[in-house]
Amino acid sequence: MPVIETHNLERVYQDGSQVIKAVDGIDLQIDEGEFTAIVGPSGSGKTTLLNLIGGLDKPTGGQVSIAGENISDLSDNQMINFRLEHIGFVFQAYNLIPVLTAVENVEFIMLLQKKSKVERRRRATQLLEAVGLGDRLDKKPGELSGGQQQRVAVARALASKPDFVLADEPTANLDSASTANLLDIMARLNREENMTFVFATHDQRVIDRAKRIITVEDGKIKSDVKVDH
Amino acid sequence: MILKLAWRNIWRNKRRSLITAASVLFALFFALIMRSMQLGAYENMIRNVVGVSTGYIQVHAKDFWDEKTLEYSMERNPSLEQKILSTEGVADVVPRLESFSLASTGNATKAAAILGIDPQKETEYFDFDNGLQEGEIFAENGKGILLSEGLAEYFKLKTNDTLVLIGQGYHGVSANGKYHVNGVVKLRSPELNKRLAFLTLKEAQFLYGADNRITSFVVIPERENDFPELTESLRTGLDTAAYEVMNWREMMPELVQAIQADSAGGLVMLFILYLVISFGIFGTILMMTSERQYEYGILTAIGMKRGKLALTVVMETFFLSLLGVIGGGLLALPLVLYYHYNPINLGGGEMGDAYEEYGFEPIIPASIDPSIIFTHSTIVLFISVLLSFYAVWKIYYLQPVKAMRS
Ligand SMILES: Nc1ncnc2c1ncn2[C@@H]1O[C@H](COP(=O)(O)OP(=O)(O)O)[C@@H](O)[C@H]1O
Ligand SMILES: [Mg+2]
């Protein structure tokens with residue numbers, strides 16, 4: 001069974017008298033362990049598609065199933081809970097709570113899951129070590145570089161033990177070295193832990209590392225290719 | 001961690017938070033000082049009037065309070081006295097016989113209020129002996145007269161001089177007597193200090209031909225603040241066709257009204273003050289919520305329930321106000337304590353004269369009634385929690401996708 005499955009997915013925006021089909025009939029299946037990039041020019045509908053898959057937005061047509069469960073019928077509260085338990089998020093920037101330290105930021109999501117203090121601290125430390133920030137546990141986001149902040153966000157996304165991680169332009173604000181470092185970490189987590197990653201990006205450095213590249217244009221899938229590295 | 005988050009969020013914009021907390025601090029400080037002074041002045045008035053003259057509750061023969069003559073006196077009936085004493089919450093009763101006479105030394109004459117008293121009980125409950133200027137308080141069967149300071153001065157009388165009382169007694173008998181001055185007392189109420197003189201109860205009964213009669217039983221409550229409830233239970237217990245039970249609020253409605261009118265003026269000022277700081281707090285909440293839209297979007301996206309998120313914002317506002325409240329309280333406390341123990345003396349100024357005219361000691365001791373700080377802290381905290389519901393409302397209608405696009 002695919003982790004993510006969309007069927008004839010559609011999201012229409014009414015902008016004044018103009019109707020924008022941001023996502024226009026997308027059928028998609030993503031399996032466990034994939035490392036997929038959704039690519040396309042700005043305005044092609046990548047973010048909208050990711051938001052629909054992540055349950056942050058409701059489709060105007062079609063449906064999204066996560067691990068076999070149709071999420072379109074969930075109430076707001078159920079949806080928030082579903083995201084907490086099943087989906088990891090990494091956004092373009094400012095992912096973190098500025099007043100909490102790195103380790104507290106990672107712990108925070110497990111706190112929402114009502115995990116014990118001991119387990120929270122242990123797993124948060126372990127994950128931050130895994131993303132190479134073992135020596136930055138008690139630093140606030142403001143004291144970390146952009147790349148380090150994104151790595152904390154990845155650690156947080158994994159902390160809740162999600163089914164998959166959605167990352168919308170995670171490298172958009174990073175320099176080459178930080179980008180390479182972040183991609184290395186995510187590729188390793190994909191390889192070693194079989195974590196599923198889905199990116200929305202137009203960053204060539206990300207596309208180069210993806211194992212599957214889905215190209216969208218005007219809300220439609222143009223091509224879908226698997227790449228062997 | 002929610003608590004930690006709320007607390008740390010306060011310090012994200014230190015300057016703004018400090019300004020907000022400071023405005024709360026000053027508002028509370030001002031409110032506490034103002035109310036302590038105001039309520040302290042009222043407490044003082046009440047203590048002056050209630051404490052030295054009427055007492056908290058009195059029992060009279062029916063209609064005495066309106067007529068104020070000996071014809072409406074009552075027999076000192078042991079079963080009545082017993083009934084009052086056995087009422088729950090009553091500590092003691094003090095009998096009094098009250099009337100008027102002309103006082104004269106031959107050279108000068110002046111109308112005087114005469115109060116027949118039980119000297120021991122008056123001393124015990126009304127600090128009667130406190131104001132003794134010269135001579136001594138008479139014993140229970142003393143034959144002398146005690147003059148208020150004003151009367152003694154008017155007649156230029158000293159201890160052991162003599163004074164004649166001329167008047168009318170019970171059922172119209174003539175009531176004349178000649179008395180040695182036993183002593184002079186200064187009464188706290190300047191009004192009473194000008195015209196009151198005391199005899200023992202027995203002597204007054206004899207003078208007025210009112211054997212075993214009194215005009216009032218002053219009821220001493222165990223807890224002064226319970227006087228309204230006690231009034232009611234006395235009313236239920238006594239025969240209200242023959243007796244009237246009145247508490248000081250009923251005996252002195254003008255005083256109650258004056259206090260209420262004055263207090264209302266103060267409350268209007270406080271209302272305006274609270275309105276002003278409400279705008280300040282609301283401004284902070286407004287800016288805070290609009291700055292954090294993106295962050296709230298992220299937090300709901302990763303799975304934080306709206307209720308929990310709203311709670312952190314409410315707590316943040318609450319803590320912020322609490323800082324101001326604690327600061328205001330700590331700042332006001334020493335001042336209030338100081339003015340409680342060192343009351344402001346209005347002295348001979350215009351205000352002081354006005355006070356004296358109404359029969360009050362011309363001082364304002366600050367009230368240390370803990371309910372003042374409790375009430376105003378609660379009001380301020382309640383206002384800020386109420387205002388933070390704006391943020392709660394924003395959070396409930398927040399759409400993460402929209403919030404993060406901005
Ligand atoms: N909330 C919205 N209201 C109106 N139009 C929107 C909204 N969100 C996205 N769009 C439009 O939908 C299209 C796709 O946007 P988006 O998914 O953000 O593209 P991408 O992420 O590929 O740059 C764009 O034309 C954008 O202007
Ligand atoms: Mg986008």
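A compact table of results
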read-out	value
Condition broken by residue A:95, with the remaining ones in (1) closer than 20 Å to residue A:222 by Cα; (2) crowded, with 19+ Cβ neighbours inside 10 Å satisfied	(1)
Residue B:254 more than 14 Å from every other protein chain (Cβ to nearest Cβ), in contact (Cβ under 8 Å) with a residue 24 or more places away in the chain and on the phi < 0 side of the Ramachandran plot	no
Filter result for residue B:71 (touching a residue at least 12 places away in the same chain (Cβ under 8 Å), more than 14 Å from chain A (Cβ to nearest Cβ), surrounded by fewer than 16 Cβ atoms within 10 Å (Cβ to Cβ) and over 30 Å from residue B:191 (Cβ atoms))	no
Residue among A:131, A:198 that alone is aliphatic (A, V, I, L, M), away from every other protein chain (no Cβ under 14 Å), surrounded by 16 or more Cβ atoms within 10 Å (Cβ to Cβ) and away from ligand 2 (no atom under 16 Å from the Cβ)	A:131
Any hit, the stretch B:160-172, residues being touching a Gly at 6+ places or on another chain (Cβ under 8 Å), surrounded by fewer than 17 Cβ atoms within 10 Å (Cβ to Cβ) and assigned to a strand (DSSP E or B)	yes
Pick from the stretch A:60-87, criterion free of Cβ contacts under 8 Å to residues at least 40 places away in the same chain and among the acidic types (Asp, Glu), ranking: farthest from ligand 1 (Cβ to nearest atom)	A:69
Residue within the stretch B:202-217 that is of a type in the set (Val, Ile, Thr), under 18 Å from residue B:54 (Cβ atoms) and modelled with pLDDT of 95 or more present	yes
Among the residues listed as A:29, A:18, the single one being modelled with pLDDT of 95 or more, out of contact with any Ser or Thr (no Cβ under 7 Å at 6 or more places or on another chain) and away from ligand 2 (no atom under 16 Å from the Cβ)	A:29
Residue match in the stretch B:154-168 (condition: small (Gly, Ala, Ser) and more than 15 Å from residue B:111 (Cβ to Cβ))	no
Matching residues in the stretch A:60-98 - criterion: being within 14 Å of residue A:168 (Cβ to Cβ) and either assigned to a loop (DSSP other than H, G, I, E, B) or over 19 Å from the mean Cα position of the chain (by Cα) (or both)	A:91, A:92, A:93, A:94, A:95
Positions within the stretch A:15-59 being near ligand 1 (Cβ under 9 Å from one of its atoms), of a type in the set (Val, Ile, Thr), under 16 Å from the mean Cα position of the chain (by Cα) and within 14 Å of chain B (Cβ to nearest Cβ), in sequence order	A:47, A:48
Residue match in the stretch B:76-83 (condition: in contact (Cβ under 8 Å) with a residue 60 or more places away in the chain, in contact with a helix residue (DSSP H, G or I) (Cβ under 6 Å, 6 or more places away or on another chain) and either in a loop (DSSP other than H, G, I, E, B) or buried (at least 19 other Cβ atoms within 10 Å of the Cβ) (or both))	no
Strands (runs of 3 or more DSSP E) contained in the stretch B:87-137 and holding at least 1 residues touching a helix residue (DSSP H, G or I) at 6+ places or on another chain (Cβ under 7 Å), surrounded by 15 or more Cβ atoms within 10 Å (Cβ to Cβ) and of a type outside the set (D, E, K, R)	B:90-104, B:109-117
Residues located in the stretch B:1-31, provided they are free of Cβ contacts under 8 Å to residues at least 60 places away in the same chain and within 14 Å of chain A (Cβ to nearest Cβ)	B:1, B:4, B:8, B:11, B:12, B:14
Search result, residues across the stretch B:70-94 that are closer than 23 Å to residue B:206 by Cα and of a type in the set (Lys, Arg)	B:76
Index of the failed condition, residue A:171 passing every other in (1) away from ligand 2 (no atom under 16 Å from the Cβ); (2) of a type in the set (Val, Ile, Thr); (3) free of Cβ contacts under 8 Å to residues at least 40 places away in the same chain	(1)
Identity of the residue in the stretch A:1-14, touching a residue at least 24 places away in the same chain (Cβ under 8 Å) and either within 16 Å of ligand 2 (Cβ to nearest atom) or among the hydrophobic types (A, V, I, L, M, F, W, C) (or both), that ends up nearest to the other protein chains (Cβ to nearest Cβ)	A:11
Residue within the stretch A:61-78 that is at positive phi, within 14 Å of chain B (Cβ to nearest Cβ) and in contact with a helix residue (DSSP H, G or I) (Cβ under 8 Å, 6 or more places away or on another chain) present	no
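Let's see how each residue does on (1) closer than 13 Å to residue B:42 by Cα; (2) assigned by TED's automatic domain parsing to the domain that holds residue B:376; (3) in contact (Cβ under 8 Å) with a residue 40 or more places away in the chain; (4) not in a helix (DSSP H, G or I):
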{"position": "B:228", "(1), (2), (3), (4)": "no, no, no, no"}
{"position": "B:234", "(1), (2), (3), (4)": "no, no, yes, no"}
{"position": "B:241", "(1), (2), (3), (4)": "no, no, yes, yes"}
{"position": "B:245", "(1), (2), (3), (4)": "no, no, yes, yes"}
{"position": "B:260", "(1), (2), (3), (4)": "yes, yes, no, no"}
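The values are calculated or read from the model by the stated rules, or taken from the named source; none is laboratory data. As the structure is a computational prediction, the values presented were derived from the model and not from experiment. Virtual Cβ from ideal backbone geometry, glycine too; neighbours counted across all protein chains shown.
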